[in-house]
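So the structure is just underneath, and the comments pick up after that.
Derivation of every value follows stated rules applied to the coordinates shown; laboratory data play no part. Source: prediction; values computed, not measured. Counting neighbours? That spans all protein chains shown, and the Cβs are built from the backbone with ideal geometry, glycine included.
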Amino acid sequence: MAAPMKSMGSSFNATSFQKKTRSKLISIPGTRPSVQNGQLIVSTGVTSLDYLIGGGLAVGTVLLIEEDRYNSYSQMVLKYFMAEGVLCGHELFLASAQDHPDDILTELPAPILDDIASGPHASQDAMKIAWRYQNLPKVQTALASSSRFGHYYDVSKKMEPEIRQAANCHAFYLPEHSTESPLLESYSALLRSIQEVIRKGGFDGAAPPAKSRNVLRIGLPSLGSPLWGDDLCCRDNPAHGHALTTFLYGLRAVLRSSLSVAVLTIPSHLIQNRAVMGNITRLCDNAIALESFKGSDRETNPLYKDYHGLLHVRQVPRLNCLLTELPDHKDLAFKLKRKQFTIERLHLPPDLSETVSRVSRGELAGAAATGTSCGSSGNKHLDF
Amino acid sequence: MLLELIQGTEGGGLIIIQDSIHYSGRTLLMSFIKAALKRDEVVHLLAFELHEEELKHELGHSCLQRLKFHNAFHDPLGWNENPPFTVHQFITSELDSLLTSNQHSKPVTLVIDSFSFILRHLSPSAVCKTLQQLKKGGAVKTTLGLLHSDMHHRNMVGSICHLATSVLTVAPGHQCHEAVAKTIRRAKSGKISQAVERFSISDDMTVKVQSKPVPVGSGQGEAGDAEVDPTANLTFNLRLSDQERQAKEKLALPFVFSKEKKSALLRPVPGSGRILYEPDANDDYDQEDPDDDLDI
């Protein structure tokens, strides 16, 4: 049986097959069903990150971002997430203990509304011998799937206030909510506030069906820092070690029964207790860690000069299925360009000279030289 | 970058000087105070670890008169009656009443000697909250403090420095009168800049920065060393002269098509995978989808 063929758009695809689906799912702008497990997914705002966590962030789940040392790139990813919510027309909820949420919202990146060029096709010089391969695109090191889901943003410009005010945003600023309350109160106040917003906005399905459904995006920057009243980052054996984990458990329960997504960032480089960090990772569905090269001695390593940091995928959830599709390349590096936050595979350059590559392979400390090296610290010259 | 911080051209914020037992950062702190006084700013000093006499000896009497000195050395925990300043007064409400006692419109600098003392007696989250409110509120332009990094757990130091706008780590230098300062500054846009400089402090508390900064990654110097040129030192010639290169390019390769045929073959084909199906007479090609009857 030959399926009737529909032509694809302008993108270069290997196949022109299109699945004919009858969608029985509710259609909310900015979401689509996942091709892997049929869950409703939203874009995180960063297309490479969408590819890594299985096409997008499933509605009802939590994404944990472990912050880099100076909290610059994790804040950027959170801003991308919020900007994507503004563009898709979702509602936003932002809770912060450090900066006021309105200040964070003024710094969202501006969207690039016209399509970006899909790669420098014209600038390839003519090949003399392999000319049949001239027009084929180069091997992609950037991770992307064939269909685009999500928008691109220009980091150097701020989002226009008109676009931003079109979105409904709820803010929770901790100094306004508590004065002399003990520790557990700040997290439970936050959870209660989230529940209140979900109930009022009708995200939990209690609203009449006449009103169109929408998704609530929750952003929680720097959770677990001392400004929330938690000494998790300051001590090895914190006095209230369960406060944050109880909050995360409650948050996930609230999210599973409503149409909302949460992204939270935790300064994990300050948490020394591996058990607590493991618990926190388990309680969130998706978990990634950003490690920036700024301020460390890796900044001058010539292998890392194109990138701003490394990205580790710690956990990917199994939602209604037995196995998930993990990215097959574990060494990932990210780069914040003006128009894109790209996540690429980190690959070693070819081994041109004996001394140069051996020295730098040893300094990678096993981070990128997993499958290919055969004993890094060894003698340099093998004489036959 | 160190001199810019001392001159106060950066716009304030929270500056933390991290020192250790090998090199005390107190003289650097004094030079910051002196520079601020020279700029005619209002300087409040909360001295937990320094006696007034010692301060007079270091700074000089005239400076001490212009400084708003809060004696927290005598009775920091309030054991006797009427303590001049206790450590428990380090909360926003008390500090605000202290700092707004002057009606001047000059920028206020709050100097704390040291944070380590406060952290021993108050919980870190309370200290962080106070510092954050000092940073956000308009009362104080710059908050400056000393932190002894070897007195606390590494994470405690990290959590306090996480809030800071600039962190200066001082360490002894190679020569006896010099010291090395590593500065990390976080600009409002989120950009991080860092520098490592050698400096020395003269007797009148002015800081002189040596012109040649210490390179950040001095161990990486050997990696960029001469890349071995593989075409050198061989018994045969691997290089091409210009004439030889031109002759090589002119050579016509076998199995090469003419230009028109090449471009005809290279013209982009719309969609490389097309299924062209012509139903046969025997085929039962029904346009309907058999799954339409399913009712799931």
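Structure summary
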quantity	calculated
Two-site label geometry, A:ASN279 and B:SER93: point separation in nm, points 7 Å out along Cα→Cβ	3.3
Total formal charge among the other residues, if their Cβ is under 12 angstrom from that of B:CYS128, Lys/Arg +1 and Asp/Glu -1	0
Residues whose placed amide H lies under 5 Å from that of A:SER34, excluding near-sequence neighbours	A:GLN39, A:LEU40, A:ILE41
Per residue convex hull volume, Cα atoms of chain B, in Å³	411
Set of aspartates and glutamates near B:LYS208 by C-alpha distance (under 13 Å), chain-local residues within fewer than 8 positions excluded	B:GLU4, B:GLU178, B:GLU197
Packing rank of B:203-209, B:54-60, where each peptide gets the mean count of other beta carbons within 10 Å, highest leading	B:54-60, B:203-209
Relative contact order of the stretch A:221-328, pairs being alpha-carbon contacts under 8 Å that are 6 or more residues apart, as %	23
Charge sum, other residues only, whose C-beta stays under 10 Å from B:SER193's C-beta, Lys/Arg counted +1 and Asp/Glu -1	+4
Per-residue mean of C-beta atoms belonging to partner chains within 10 Å, peptide B:116-128	3
Mean Cα-pair separation over length for chain B, i.e. relative contact order, pairs under 8 Å, 6 or more apart, %	19
